[in-house]
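The block underneath contains the structure these notes are about, expressed in structure tokens.
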Amino acid sequence: MPISSTSSAYNWDEMRCGETPALEPGRPPDYAGENAHLLRLVRALRDQAGDIMMVLANTALEACGAGSAGISILETLEGAPARFRWLALAGAWRPYQAALMPRTGSPSGGLLERNELQVICGPLSEFPGVAQLRPHCQEALLAPFCLEGVPMGALWVVKHDLHQHFDSEDARVLTNLAEFACAAHETSRSFESLRSQLDACSDANAVLVRADRSKDAFIATIAHELRDPLAPLVNASAVLKLAPADSAVITRASDLILRQVRTISRLAEDLLDVSRVRLGMLEIRTNRVELSDILRLAVAAGMPVIAPNKHRLELGPMHPVQVIADEIRISQVLRNLLSNAAKYTDATGLITVALRCEAAEAVVTVCDTGIGIPSDQLETVFDLFAQSGQAGTQRSNGGLGIGLHLARQLVVAHGGSLTAESPGTGLGSTFTMRLPRAPPQSGYPNS
């Protein structure tokens, strides 16, 4: 490869290829030492692929007896001037790792223009980006390397001692190392890409593991939820076989069977509705309806959920307001909110349902005096299959974790919102449903 030389006072554009190099007379070629260096690089390529560029910089530093050594890679970003990034540094300039240098007016920029070995004698005062580095450069030797014939970077070594110089043997060794640099750079890039892909796969695998655990927990919970009502059904059936006809025992057993069958039926309905929502197949049939009427009916229908633990259920203000809604779906939302309030409120606790108007919205609140919700869980309570219960408690009646999720999806399908508030653990919670009020219509007052 031809060698061009210059001092820092020269302009790169005035240089001529093939000039007599400003290099010390060559030492005898040290092929054994060079082979040892190359062998080390090959081993690093096998064992330290991610650090191969740093190994190469250190090899150039040692082989050429330099004060600093480095690898500059040309970066071209859309809309920005081309620049060099110091990808790997060794020696005294190691702290400048990852520094950026402009292509125009830099030693590496001129090097790539000629695509041949260059030696620069004297301080680099003509290159402001390099001149400010410490210790000063007294002499630099640069070798280009290419990718598919296109110059893309430089391998360089620097002397900081005014009385030390590079010789032709350094030029020969650096040229050979530069041939290795391109393969090393491509290997390093491939290694980084592979590592990123492995990290992405690891993250995806972690998500799959969590999903698999959630599935297992969900299956266990649904088995528990189905087993609970089935056991009383079996017992009630046995009682019916033994009880005399027309007795009060038959009436109680029949009522128990009806309640448990309704529980299973609601469970199946919620599961189907969650599936329909996720598949985008949930059907909403809206009409102009009086929301206060739906609330009263839903509260009455929810009494079987409230009664077993003797919760107190109070109706707050019920301002008449019309909405465009699917009556069955809104009733389902309220049923799920009441069920959630009962589930996480101790016996004899208070549950309050109220309806008010705010501007263009109808606002329904379901408040309880239960276990409350920490601030960091006010959103996660709406997650699908969030079974741990509010405030992270492991309640035996924690359920499938679909009630609040489904309730929010149904409200959102009506153009509304469902949120949770709580002063904190043990201080109860409030769930607020907001629905757009129906526009005024002749013959239908909208208070």
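Return the loop-located GluC sites (Glu not before Pro) in region 98-165 (DSSP other than H, G, I, E, B) with at most 14 other Cβ atoms within 10 Å of their own Cβ; answer none if there are none. Don't skip to the end; give the middle numbers.
Working: sites: E113, E116, E126, E139, E148; in loops: E116, E126, E148.
Those satisfying the criteria are E148.
I need the trypsin sites (Lys or Arg not before Pro) found in region 291-357, filtered to DSSP loop residues with at most 10 other beta carbons within 10 Å of theirs. List each step's numbers first, then the result.
Working: sites: R296, K310, R312, R329, R335, K343, R356; in loops: K310.
Answer in residue order: K310.
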Under the Debye formula (equal points on every Cα, no solvent term), log10 I(q)/I(0) of region 272-374 at q = 0.12, 0.14, 0.19, 0.23 Å⁻¹:
-0.45, -0.60, -0.99, -1.19
Binned Cα-Cα distances of region 287-436, short to long, each 10 Å bin given as a whole percent
12, 45, 35, 8, 0
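Read-outs: derived from the displayed coordinates by stated rules, not from any lab. All figures in this text were calculated on a predicted structure; none of them were measured in a lab. Methodologically, a virtual Cβ is constructed for each residue, glycine included, from the backbone with ideal geometry; neighbour enumeration extends over all protein chains shown.
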